[in-house]
1. Using θ = phi - 60° and the Karplus relation 6.51 cos²θ - 1.76 cosθ + 1.60, list the HN-Hα couplings for the range 268-279 in order, rounded to whole Hz, with x at every Gly or Pro.
2. By how many degrees, 0 to 90 and rounded to 10, does the Cα axis of helix 223-236 deviate from the longest principal axis of the chain?
3. Could you list the residues of the range 1-24 with an amide nitrogen less than 17 Å from a label point located 7 Å from the Cα of Ser296 in the Cα-to-C-beta direction?
4. Taking the chain on its own, what percent of its Cα-Cα pair distances exceed 34 Å?
5. Can you sort Leu213, Leu7, Leu30, Leu297 so the residue with the fewest Cβ neighbours within 10 Å comes first?
6. How do the peptides 104-113, 191-200 rank, highest first, by the average count of neighbouring beta carbon atoms within 10 Å per residue?
7. Could you work out how far apart the two model spin labels at Arg268 and Asp77 are, taking each label as a point 7 Å from the Cα in the direction of the beta carbon, and quote it in nm?
8. Between the range 262-283 and the range 233-257, how far is it from one alpha carbon centroid to the other, in angstrom?
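Just so it is clear, none of the values below were taken in a lab; they were calculated from the coordinates. Source: prediction; values computed, not measured. In this analysis, Cβ positions are derived from the backbone assuming ideal geometry, glycine residues included, and neighbour counts consider all displayed protein chains.
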Amino acid sequence: MDYQAVLEEVADAVAPQIGRGQAAGYIPALAAVDLGGFGMALADVDGSVTGVGDWQVPFSVQSISKAFGLALVLAQDGENLWGRVGREPSGTPFNSLVQLEYENGIPRNPFINAGALVVTDRLQSLTGDASTTMLDFLRAESGNPQVSFDPAVASSESDHGDRNAALAHFMASYGNLDNPVQTVLDHYFRQCSIAMSCRDLALAGSFLARHGLATDGSRLLPAREAKRINAVMLTCGTYDAAGDFAYRVGLPGKSGVGGGILAVVPGRCTLCVWSPGLDMRGNSVAGVAALDAFTSLTDWSVF
């Protein structure tokens, strides 16, 4: 398949969607981002990468980092995490407190904010430095040593992170955090602030298309764990719009309010698309449209 031609056709098809939606205004450092950006990259399982538009422009990965945190914890700690966080779609906004009270401090899944805080807590316990562990992993898998935290974004999130602090304190009251709340929050905000391009993210996520094999050919995860991460991405990876995303796109995906979406075609490739205009549920308007167009053109999906 001529990947470049396919991506160019996708970009042409979604051009009217670029600029639609709103930036993530509740994080001031993201609120001023130009909504006119669009990039898309495809990384084949052999490590080759193709892109269109602003595919090499770094952006804030935000909640896409949650997929990598989950992978790192499962790689080091196996199934133990699932006693502290569920695997079911939430049906409520990603920063909701409601379900935590009903479910005694156990988050519904690892991709809502509460669940990601539990994952960060466990990664901190396993490594002693959760955010740096993730950064080192992303640099290695993307082949880009320049991948880094954005201090301005991390600071902005911390200064306006009262809801995340509330989630963390609530879970701590149920004994579902092992580390101090502030330590967990600091590492969580740093992970979300990592800046990467579509190219970097598509390459870094390729282990999910290679059934758990890292860039260097070593086994990061058993194939069954890679399958399970993909499954949770499909059912929970796009906030409370996961059903609509599965219906339109038909791929495992993880979105972030920085406007990026990472999607996986198991056994074939990993895709990353970025456009910062978000819909009401926090997903990129043009990004979802681009992945919809891609799976329609290629007939590649998990269904």
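1. So the Karplus estimates, Gly and Pro as x, are 10, 6, 10, 10, 9, 10, 9, 7, x, x, 9, 7 Hz.
2. Helix 223-236 sits roughly 90 degrees off the main axis of the chain.
3. The answer is 6-18.
4. So the pairs more than 34 Å apart make up 12 percent of the total in the chain.
5. The fewest-first ordering by Cβ neighbours comes to Leu297, Leu213, Leu30, Leu7.
6. 191-200, 104-113
7. 3.5 nm
8. 9 Å
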